[in-house]
Amino acid sequence: MALVLGIETSCDETAAAVVEDGRRVLSNVVASQAALHSPYGGVVPELASRHHLEAMGPVLEAAMRDAGVGFAGLDAVAVTQGPGLVGSLLVGVQAAKAIALVHGKPLVPVHHVAGHVEAAFLAHGEIPLPALALVVSGGHTSLYSVPERGAYALLGRTRDDAAGEAFDKVAKLLGLGYPGGPVIDRLAHGANDEAVSFTIARLKDRSADFSFSGIKTAVLLHVKREGIAPVAPGGEAPEVVRDLVASFQRAVVAALVRGLVRAAETHRPRSLVLTGGVAANARLREETERAGRGLGLPVFIPPLALTTDNAAMIAAAGHVAWRRGARADLSLNADPHLRLG
Ligand code: KG4
Ligand code: ZN
């Protein structure tokens with residue numbers, strides 16, 4: 001039995017979790033700062049790092065208490081090293097180093113996106129490999145091949161905005177608050193997704209990359225042209241806004257699924273994984289399941305609590321990395337631009 005403590009502070013969630021053998025979640029504590037950043041329509045880095053500092057102690061305590069283990073009982077401490085906001089990452093990295101030093105535990109650095117991928121393995125156990133993983137969040141939109149546990153090969157990524165970022169920016173433009181994804185998901189339900197025709201062009205070079213800045217601009221131009229006013233705080237979104245966000249969501253989901261299907265046709269995986277915060281999107285989940293049926297491939301999507309940022313996924317990725325021999329010493333530093341694959 002191996003117990004790994006995971007710590008995650010890359011963006012605006014302060015999270016700690018204890019996972020047994022990379023499979024059993026003993027605790028999973030997430031303190032979200034979403035309400036704090038909502039008035040600004042996005043994460044304010046200085047506010048985020050300050051609140052990580054305040055939340056880290058209580059979140060760690062809660063994770064250890066919920067799991068019913070002491071620091072001495074841990075086998076390793078895994079922490080998100082990057083990518084993310086440097087001031088936020090540093091809080092988690094310092095906390096992990098302190099625990100590792102005081103309790104003499106191995107320190108395992110984890111790439112945040114590897115965490116998102118491992119959330120699927122944490123939730124579903126055995127997944128046929130090689131898997132093709134689409135990681136869609138506020139900071140990333142990437143396609144990875146997972147040839148074996150703990151190995152990740154980058155096949156394609158966004159050239160500009162991440163898909164979640166596009167959701168957040170469109171929501172901000174329309175006065176819908178932060179994070180925008182869940183609001184748009186809810187408002188789009190039952191609305192006319194053919195009201196506005198948005199298309200996301202394929203990149204000319206036939207690469208597996210994505211691009212979402214064009215659609216954000218198209219929404220902005222549409223809003224200006226039609227004179228659509230932002231929704232007042234706490235106000236109800238009118239039909240014109242609901243139809244607009246439904247049309248936007250339809251185009252984004254179509255582009256994501258198109259990229260996934262094309263990569264599957266090229267790389268012939270044995271399974272599909274959909275993960276990251278945007279994988280909470282109902283339409284994206286449905287369309288990915290449908291694409292999997294079309295391709296004859298099983299689809300693995302983590303449950304909602306494991307798709308958005310959490311530390312159980314970091315503990316799970318840490319467990320895999322630890323077994324593969326990954327170790328860091330106390331010189332470990334946060335790396336806001338850390339690469340994977
Ligand atoms: O993975 P995550 O929690 O943090 C990052 O690593 O970025 O993802 C957060 C992103 C935000 O952009 C948020 O708007 C988006 O995930 N998101 C959604 C939904 N829930 C969260 N996007 C679309 N539909 C949702 N239901
Ligand atoms: Zn994330």
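The values are calculated or read from the model by the stated rules, or taken from the named source; none is laboratory data. What you see is a predicted model; the values in this text were computed from it and never measured. Every residue, glycine as well, gets a Cβ built from its backbone with ideal geometry; the counts of neighbours run over all protein chains shown. Remember, those area values only see protein heavy atoms, side chains included, never the ligands or the DNA or RNA. Shrake-Rupley method; radii C 1.70, N 1.55, O 1.52, S 1.80 Å.
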*So how long is each side of the chain along the principal axes, counting just the alpha-carbon atoms, biggest first, in Å?*
62, 45, 31
*asked:* Helix-only mean residue ellipticity at 222 nm, the chain, DSSP H runs n ≥ 4 weighted -39,500 (n - 2.57), per residue, nearest 500. What is it?
replied: -14000 deg cm²/dmol
*Counting alpha carbon pairs within less than 8 Å and at least 6 residues apart, what relative contact order, in whole percent, applies to region 74-173?*
19 percent
*Could you state the number of Å between the C-alpha centres of region 259-282 and region 14-90?*
27 Å
*Rounded to whole Hz, the Karplus (6.51, -1.76, 1.60) HN-Hα couplings of region 35-48, x for glycine and proline*: 5, 5, 8, 3, x, 8, x, x, 7, 9, x, 5, 5, 4
_Can you compute 3J(HN,Hα) from phi for each residue in region 227-237, using the Karplus curve 6.51 cos²θ - 1.76 cosθ + 1.60 with θ = phi - 60°, rounded to whole Hz and x for Gly and Pro?_
x, 7, 8, x, 6, 5, x, x, x, 8, 6
*Please tell me the relative contact order of the chain in percent, rounded to the nearest whole number, where contacts are Cα pairs under 8 Å and at least six residues apart.*
27 percent
*In region 84-193, the GluC sites (Glu not before Pro) that fall in loop regions by DSSP, at most 14 other Cβ within 10 Å*: E126, E148
*Net dipole in debye of region 1-143 [+1 Lys, Arg Cβ; -1 Asp, Glu Cβ; about Cα centre; nearest 20]*: 160 debye
_Please enumerate, by chain and number, the aspartates and glutamates with C-alpha under 12 Å from the C-alpha of K97, excluding those fewer than 8 residues away in the same chain._
D329
*asked:* Probe of 1.4 angstrom, ligands and nucleic acids ignored: what's the accessible area per residue over the chain, in square angstrom?
replied: 42 Å²
*asked:* With a 1.4 Å probe and all protein chains kept in place, how much accessible area does R202 have, in Å² rounded to the nearest 10?
replied: 140 Å²
_List the lysines whose Cα sits under 21 Å from the Cα of K172, skipping any in the same chain fewer than 8 residues away._
K216, K224
*In terms of modelled amide H atoms, which long-range or inter-chain residues lie less than 5 Å from the amide H of D161?*
F212, S213
*How big is the accessible area of Y152 in square angstrom, nearest 10, if you roll a 1.4 angstrom probe over the protein chains?*
30 Å²
_Long-range HN-HN contacts of A2 with modeled amide H, under 5 Å_ = D21
*Area projected by the alpha carbon convex hull of region 269-341, averaged over all directions, nm²*: 6.6 nm²
*Could you work out the equivalent-ellipsoid semi-axes for region 228-315, taking the square root of 5 times each eigenvalue of the Cα gyration tensor, largest first, in whole Å?*
29, 19, 9
_Taking amide H atoms as placed 1.01 Å from N in the peptide plane, list the residues 5 or more away in sequence, or in a different chain, whose amide H sits under 5 Å from that of L26._
V18, V19, E20
_Largest to smallest accessible area among F121, F71, F300 [probe 1.4 Å]_ = F71, F300, F121
*asked:* Could you tell me the calculated FRET efficiency between T199 and S32, based on Cβ-Cβ distance and R0 = 30 angstrom, to the nearest 0.05?
replied: 0.30
*Using θ = phi - 60° and the Karplus curve 6.51 cos²θ - 1.76 cosθ + 1.60, what whole-Hz ³J(HN,Hα) does each residue of region 151-159 get, with Gly and Pro shown as x?*
10, 9, 10, 6, 9, x, 7, 6, 7
*Charge dipole (debye, nearest 20) of the chain; +1 at Cβ of Lys and Arg, -1 at Cβ of Asp and Glu*: 840 debye
*Cross-link partners among aspartates and glutamates for K169, C-alpha distance below 15 Å, same-chain residues fewer than 8 apart left out?*
D160, D161, D185
*Name the most mobile residue of L256, L134, L47, meaning the one with the largest mean-square fluctuation, in a Gaussian network model of the chain with Cα contacts below 10 Å.*
L47
*Of all the accessible heavy-atom surface of the chain, with the other protein chains kept in place and a 1.4 Å probe, what percent is carbon and sulfur?*
52 percent
